[in-house]
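In what follows, a structure is listed as structure tokens, so that the remarks can point back to it.
The values are calculated or read from the model by the stated rules, or taken from the named source; none is laboratory data. As the structure is a prediction and not an experimental result, all values here were calculated from the model. Glycine also receives a Cβ, built like all others from the backbone with ideal geometry; neighbour counts cover every protein chain displayed.
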Amino acid sequence: MMRKRLAALGLLLAALHAPARAAPIDDLVLAAELDNGREITTLLVRGVDPNGSDGRGRNALEVALREGSSRALDSLLSHPGTDVNRANAAGETPLMLAAIKGRLDWAKKLVARGAQINKEGWTPLHYACSGPDNGVALWLLSQGAVLDARSPNGSTPLMMASRYGAMDLAEALLAAGADPSLRNAQELSALEFARAAERSKLVAALQKAIQRIAHKAP
């Protein structure tokens, strides 16, 4: 009896001191970080949840987009169970993450898989107008994105483009019909955003656009 107890105690101590093995979801997220598409496919075939979160609250699709892991992204999107509209803790959808990086190729793949172009609050168009863009914003508009969408504080894509976006993007939004007279919760319009960014050419263009609207008003 004593021998059995000692043996059981020995097994328990060995288990306690054995190195911890990573959970399958941790392996999936790590593969996304390392852009290992083949490993992702293997793990998904074994039944690992493509939408699960690791110990840090990250999911594989979010990590692939943040790290620029194109092979990992393709492997995840090829799995029918991958949720392309799953928002992260900050409320950012995969399409928003692709948009702010100016990755039109990723945006098209996500939309083809069912990613929603419009949503309440911050939208993919807001994000596209806050980064390098590379054609994402106008493509989103061609797919039905709301041009004057309002963020939680009332900011529009035009406001974001006027301060943070590509230099010619705000004028392209104006040409598409964006309303330069709108103001956010801080009573700021796209004109104030452009002034804060010291974009003199855009300031002039916005002033002209606002004047045109004023002349049309009854």
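Between Ala197, Ala161, which is assigned by TED's automatic domain parsing to the domain that holds Ala214, more than 14 Å from Ile213 (Cβ to Cβ) and either at pLDDT below 95 or surrounded by fewer than 18 Cβ atoms within 10 Å (Cβ to Cβ) (or both)?
One residue alone meets the criteria, Ala197.
Only one of Met96, Met160 is closer than 19 Å to Ala64 by Cα and in contact with a His (Cβ under 9 Å, 6 or more places away or on another chain); which?
The conditions single out Met96.
Any idea which of Pro180, Pro152 is at pLDDT 95 or above, crowded, with 21+ Cβ neighbours inside 10 Å and in a loop (DSSP other than H, G, I, E, B)?
None of the other options fit; the residue is Pro180.
Taking only pairs six or more apart or across chains, which ones have beta-carbon atoms under 8 Å, a first residue in the stretch 182-197 that is in contact (Cβ under 8 Å) with a residue 24 or more places away in the chain, and a second residue that is of a type in the set (Phe, Trp, Tyr) and in a loop (DSSP other than H, G, I, E, B)?
Going by the 8 Å Cβ cut-off, the qualifying pairs are Ala197/Tyr164.
Might you check whether a residue that is assigned to a helix (DSSP H, G or I), of a type in the set (D, E, K, R) and either surrounded by fewer than 18 Cβ atoms within 10 Å (Cβ to Cβ) or not assigned by TED's automatic domain parsing to the domain that holds Asp35 (or both) occurs anywhere in the stretch 120-139?
no
If Ala60 satisfies every condition in (1) more than 22 Å from Arg38 (Cα to Cα); (2) surrounded by 22 or more Cβ atoms within 10 Å (Cβ to Cβ) but one, which is the exception?
(1)
Among the listed residues Arg86, Arg38, which satisfies the condition of being over 17 Å from the mean Cα position of the chain (by Cα) and more than 27 Å from Leu169 (Cα to Cα)?
Arg38
Going by the conditions given, is Lys109 within 21 Å of Gly177 (Cα to Cα), free of Cβ contacts under 8 Å to residues at least 40 places away in the same chain, of a type in the set (Lys, Arg) and not assigned by TED's automatic domain parsing to the domain that holds Gly57?
Taking the combined requirement at face value, the residue does not satisfy it.
Kindly provide the set of residues from the stretch 36-63 that are touching a Ser or Thr at 6+ places or on another chain (Cβ under 8 Å) and under 19 Å from Arg113 (Cβ atoms), ordered by number.
Passing the criteria: Gly37, Ile40, Thr41, Leu44, Pro50, Asn51, Asn59, Leu61, Val63.
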